Amino acid sequence: MKLFFLFSMIISFSYKLSAYSETINIAWDTWCPWFCESNENPGFLIELVENVFKYSKTNIQFQKYTWVNGLTEVRQGRIFGMIGTSKYEAPDFIFPNEHIAVQQMCFYVKNNSSWIYKNLDSLNEVSIGVLREANYPSLMKYIHANSDNPKKVQIIETQDVSEQGFTELKKNKIDVFLNDIISADYYLIKNKLTSDFKRLDCLEKEKIYLSFSPKLKDKSLKLAKIFDTDYKKYRQTDDYQRLIKKYHIKYF
């Protein structure tokens, strides 16, 4: 009888755990070292989000999209969340209070380029490459005004913005490529291209978040609150510091 009671308690406890846990899908695109196509090193933010949600026993299924398609899927409620968004890029999304990283867009040119960014007027001298639907603080009016003029602005829409952007820069399809400093420098070092390109000035830093679908408002608000609570716990752990060192996040 005691054995039966103990067995019943185990089943009941297991059921409560499984009932509490759930699986959510999160969109991402290649932007290493934030998100990478590697089972061993999937990316700083991929590992961070997985580790934070372990506290609430929430399982994550990451689904790869282009940046634009990912935003669309989340906005329509077909995907629950998007990793790495700023509030400017998706103002209608539901955001936790806690940001998960900081991005800073910088100007990259070929090493033999003599161009220097001084102000908006200096952009008239070059063709710049930017990611569709990404935010470039202080440049958005210029980008929107010239998005139909490839001699001034070329829109990049791909699953690997660093690969595409630096390839177009090397082939002289664009004169200047704007990309996040951590992602761009990581790509150049990994591919041994630091002697081919150089970084000039950078734009204002911007907080990025794990954001949730406005179509699934109640669930999104609940998960955002859970994430805030558990992220604060995770930041106090040695594992969080290990993650920063693992991906060499210098500017974060």
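The values are calculated or read from the model by the stated rules, or taken from the named source; none is laboratory data. Note that the structure is a prediction, hence the values are computed from the model and not measured. Note that each Cβ is placed from the backbone with ideal geometry, even for glycine, and that neighbours are counted across all protein chains shown.
Please list, ordered by first then second residue, the pairs with beta carbon atoms under 9 Å, 6 or more apart or interchain, first in segment 215-244 and polar (S, T, N, Q), second in a helix (DSSP H, G or I).
Ser220/Pro214; Thr237/Asn51
Just checking, which of Glu89, Glu47, Glu73 is closer than 30 Å to Thr23 by Cβ, assigned to a loop (DSSP other than H, G, I, E, B) and either touching a Leu at 6+ places or on another chain (Cβ under 6 Å) or of a type in the set (Asp, Glu) (or both)?
Only one candidate qualifies: Glu89.
So in segment 27-83, with the set limited to residues that are hydrophobic (A, V, I, L, M, F, W, C) and without any contact (Cβ under 8 Å) to a residue 40 or more places away in the chain, which one is farthest from Ile181 (Cα to Cα)?
Of everything passing the filter in segment 27-83, Ile60 is farthest from Ile181 (Cα to Cα).
Just one of Pro96, Pro150 is in the same structural domain as Tyr231 (by TED's automatic domain parsing) and either in contact with a helix residue (DSSP H, G or I) (Cβ under 9 Å, 6 or more places away or on another chain) or not charged (D, E, K, R) (or both); which is it?
Pro96
Looking at Phe177, Phe166, which is the one that is crowded, with 18+ Cβ neighbours inside 10 Å, in a helix (DSSP H, G or I) and not assigned by TED's automatic domain parsing to the domain that holds Glu40?
Phe166
Quick grid of which residues meet (1) surrounded by 18 or more Cβ atoms within 10 Å (Cβ to Cβ); (2) of a type outside the set (Ser, Thr, Tyr); (3) part of a helix (DSSP H, G or I); (4) at pLDDT 95 or above:
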| site | (1), (2), (3), (4) |
| --- | --- |
| Ala184 | yes, yes, yes, yes |
| Leu188 | yes, yes, yes, yes |
| Lys192 | no, yes, no, yes |
| Lys207 | no, yes, no, yes |
| Asp228 | no, yes, yes, yes |
| Ile249 | no, yes, no, no |
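Pick from segment 25-61 the residues that are over 19 Å from Tyr240 (Cα atoms) and surrounded by 17 or more Cβ atoms within 10 Å (Cβ to Cβ): which of them is farthest from the chain's Cα centre (by Cα)?
Ile26
Name every residue in segment 129-153 that is closer than 21 Å to Asp185 by Cα and either aromatic (Phe, Trp, Tyr) or touching an Asp or Glu at 6+ places or on another chain (Cβ under 7 Å) (or both), in order of residue number.
The answer is Gly129, Arg132, Ala134, Asn135, Tyr136, Pro137.
Mind checking which residues of segment 118-134 are within 26 Å of the chain's Cα centre (by Cα), modelled with pLDDT under 95 and not charged (D, E, K, R)?
Leu131, Ala134
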